[in-house]
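Chemist: I am attaching a structure below and will ask some questions about it afterwards.
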2 protein chains.
Amino acid sequence: MQNKSFKSMQCPVARSLDRVGEWWSILILRDALRGVTRFDEFQKNLGIATATLTRRLDNLVKAGLLERRAYQERPQRFEYVLTACGEDFRAVIWSMIAWSNRHFAPEGPSLVIVDKQSGAWADPVLVDRNTGNPLAKPQYDVAAGPAASETLRLRYPFRSEASGTALIERPAPNQEQ
Amino acid sequence: MQNKSFKSMQCPVARSLDRVGEWWSILILRDALRGVTRFDEFQKNLGIATATLTRRLDNLVKAGLLERRAYQERPQRFEYVLTACGEDFRAVIWSMIAWSNRHFAPEGPSLVIVDKQSGAWADPVLVDRNTGNPLAKPQYDVAAGPAASETLRLRYPFRSEASGTALIERPAPNQEQ
């Protein structure tokens with residue numbers, strides 16, 4: 001199951017998981033996002049076997065989240081630098097930190113997101129960039145987009161990009177049978 | 001590696017992964033967030049083996065993200081309903097959808113987040129609830145919080161909750177050696 005590929009799935013969550021859906025991959029990204037680039041440093045932080053780390057780094061390079069670059073010629077040494085796509089994963093990691101702090105940190109947060117100038121703690125919330133509204137139910141929901149397969153259109157109410165029609169409410173899934 | 005527990009780790013990302021750090025768990029949550037509650041429905045959507053689904057659902061119940069409730073007495077049948085903690089994971093899944101749409105959907109998005117009233121697509125961005133500022137570098141960064149261990153304080157610049165002092169810049173990790 002761990003080696004099953006979700007690449008063929010159309011769902012964006014499955015596509016994300018295909019790239020980063022392993023504990024180690026997400027922890028590697030977490031460290032890359034705080035500036036770690038070198039194999040030894042990843043290994044020291046994660047306490048991960050050499051072969052496992054090599055495989056995970058290679059997968060993240062293939063998935064387009066990290067770029068492998070030579071930083072020294074003799075002997076040749078490589079570092080792993082975040083691509084724009086990898087850098088952009090920061091919002092997912094930070095969402096995860098915020099969620100974890102709310103629910104699994106009874107002793108107080110061990111990591112916080114701060115404004116580096118003022119030192120003030122940020123309170124992360126996902127909003128719509130266009131309106132500033134927090135993205136929460138019931139106002140917002142996931143809908144099938146224009147590239148949705150038939151299966152996804154059955155699971156999510158479809159809405160084409162062009163039309164301005166309101167969403168068609170589908171029956172709750174547990175009413176189907 | 002898949003069975004290794006990150007529970008003892010203090011990092012909030014590791015703690016999240018301890019609860020949801022398996023592909024199936026995140027896909028189960030994705031479906032729960034669109035209203036799926038019943039075993040058969042999860043199984044039909046995911047094409048997952050019965051034993052695997054049972055184990056993943058049990059783990060999510062133990063982790064406090066789902067609650068198992070009887071919805072029928074004879075024969076007794078159960079459904080799996082999101083707890084407040086599980087419901088709150090929506091922001092992480094939606095962040096993942098937005099990231100995936102930006103980078104892995106060349107044919108256009110198959111899922112979008114929409115305002116259900118107007119049908120307008122949302123453009124999800126993580127901001128600070130207090131200021132409305134987008135949470136991005138270089139203005140914002142992760143810092144060690146008050147409950148941080150010695151290890152985390154070495155890895156992240158520490159800032160106590162009370163003091164108003166600016167962050168102490170640490171050397172970039174790859175300069176350490």
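All of the numbers you see were taken from the coordinates with simple rules; none came from a lab. These numbers were taken from a predicted model, which means no experiment stands behind them. Ideal geometry is used to build each Cβ from the backbone, glycine not excepted, and the neighbour counts take in all protein chains shown.
Chemist: Can you run phi through the Karplus equation (6.51, -1.76, 1.60; θ = phi - 60°) for the range B:69-84 and list ³J(HN,Hα) in whole Hz, with x for Gly and Pro?
Modeler: Result, ordered by residue: 10, 6, 10, 8, 8, 10, x, 5, 10, 10, 10, 10, 10, 4, 7, 4 Hz.
Chemist: Okay, moving on. From the Cα trace of the range A:12-88, what convex hull volume per residue do you get, rounded to a whole Å³?
Modeler: Taking the convex hull of the Cα positions in the range A:12-88, it is 86 Å³ per residue.
Chemist: Distance check, please: which entries in B:Lys62/B:Lys116; A:Lys62/B:Lys137; A:Lys44/B:Lys137 exceed 31 angstrom between their Cα atoms?
Modeler: Pairs exceeding 31 Å: B:Lys62/B:Lys116.
Chemist: Here's a follow-up. Grab the beta carbon distance between A:Asp40 and A:Ala84, set R0 = 35 Å, and tell me the FRET efficiency rounded to 0.05.
Modeler: Given R0 = 35 Å and the Cβ-Cβ separation, E is 0.85.
Chemist: Given Cα pairs under 8 Å that are at least 6 residues apart, what percent is the relative contact order of the range A:12-88?
Modeler: So the answer I get is 29 percent.
Chemist: By how many nm would the segment from B:Ala51 to B:Thr151 grow when fully extended, if each residue of separation counts as 0.36 nm and the alpha-carbon distance is taken off?
Modeler: 32.2 nm
Chemist: Let me know the mean shielding of B:27-37 by other chains, meaning the per-residue number of their Cβ atoms within 10 Å of its Cβ.
Modeler: 4
Chemist: With the label 7 angstrom out along Cα to Cβ, how close does B:Thr52 come to the same site in each of the other copies, in nm, nearest first?
Modeler: Its label point is 2.0 nm from the equivalent points in the other copies.
Chemist: I want to verify the translational diffusion coefficient of the range A:36-125 in µm²/s; compute it with Stokes-Einstein, Rh as the Kirkwood radius over Cα pairs, at 4 °C and 1.567 mPa s.
Modeler: Working: Rh = 15.4 Å.
In µm²/s, the coefficient is 84.
Chemist: Average partner chain C-beta neighbours within 10 Å, per residue of A:129-138?
Modeler: That works out to 5 on average.
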